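One structure below.
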Amino acid sequence: MSRIKSWRNNFEILNKIRNSSPSKMHNFINKILSRRPENIHIAQNIDGLHRSQKFKDQIVEIHGSVHTSSCLSCNQQYETLKFYEENILKQQSLNCDSCKDGLVKVDTISFGQALSQISLKKAQEASENCDFFIAVGTSLKVSPANQFPNIALQNNAKLIILNKEETSFDGRALLVINEDLEEIHEQIN
């Protein structure tokens with residue numbers, strides 16, 4: 001029953017963001033990604049507003065995404081909304097259509113669930129190899145994401161922080177702008 005409740009919660013999130021559009025800052029980040037294929041966006045958000053098919057190989061979603069779901073047994077991937085409507089609402093079933101035995105879960109990280117080692121490795125490698133690490137709209141309090149700026153700094157990258165509030169990394173950054181992200185976008189655009 002708690003799995004069905006989790007699906008309903010994720011469905012509510014999808015409904016809330018269904019008509020949302022990426023912000024100017026999301027688009028700015030995509031502009032940065034377009035400059036070099038080595039540029040990587042490490043995303044903590046699960047809402048997918050940062051997603052772009054054009055840059056999908058340059059985006060690492062360390063907390064997953066509410067837009068996709070996967071079988072816990074065979075890893076078959078589904079579009080969350082479609083699976084919810086066709087399997088959960090109509091059949092009250094969380095079972096995978098492919099392997100029939102596994103349960104399908106939304107691809108967001110649940111409390112106590114391990115993060116994807118593939119995503120963490122990609123984020124760590126990007127942090128080790130970047131020239132600039134730009135932290136946008138994050139308190140830098142959530143682990144392990146808050147370790148990536150340290151990794152970048154240890155590898156001689158310059159740290160830039162764009163966030164409404166101060167962070168514990170501000171004193172180590174080359175540039176800090178503490179304002180609303182849309183205001184920051186207007187300043188740097």
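The values are calculated or read from the model by the stated rules, or taken from the named source; none is laboratory data. What you see is a predicted model, and the numbers here were worked out from it, not measured in a lab. Glycine also receives a Cβ, built like all others from the backbone with ideal geometry; neighbour counts cover every protein chain displayed.
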Next item on the list: Check segment 169-184 and report whether any residue there is part of a loop (DSSP other than H, G, I, E, B) and within 18 Å of ASN39 (Cα to Cα).
Entry: no
Next item on the list: Give just the number: which of (1) surrounded by fewer than 17 Cβ atoms within 10 Å (Cβ to Cβ); (2) over 29 Å from GLU183 (Cβ atoms); (3) not acidic (Asp, Glu) does TYR84 not satisfy?
Entry: (1)
Note to self: Looking at segment 37-46, can you tell me whether even one residue there is within 16 Å of the chain's Cα centre (by Cα), closer than 18 Å to PHE148 by Cβ, in a helix (DSSP H, G or I) and hydrophobic (A, V, I, L, M, F, W, C)?
What the structure shows: no
Notebook entry, point to check: Name the pairs: first residue in segment 103-127 and polar (S, T, N, Q) and surrounded by fewer than 17 Cβ atoms within 10 Å (Cβ to Cβ), second residue modelled with pLDDT under 95 and not in a loop (DSSP other than H, G, I, E, B), Cβ to Cβ under 8 Å, at least 6 apart or on different chains?
Noted result: SER110/SER6
Notebook entry, point to check: Of everything in segment 98-128 that's out of contact with any helix residue (DSSP H, G or I) (no Cβ under 9 Å at 6 or more places or on another chain) and not in a loop (DSSP other than H, G, I, E, B), which residue is farthest from LEU14 (Cα to Cα)?
Noted result: GLU125
Note to self: Quick check on segment 19-53: of everything there that is at pLDDT 85 or above and among the charged types (D, E, K, R), which residue is surrounded by the most Cβ atoms within 10 Å (Cβ to Cβ)?
What the structure shows: ASP47
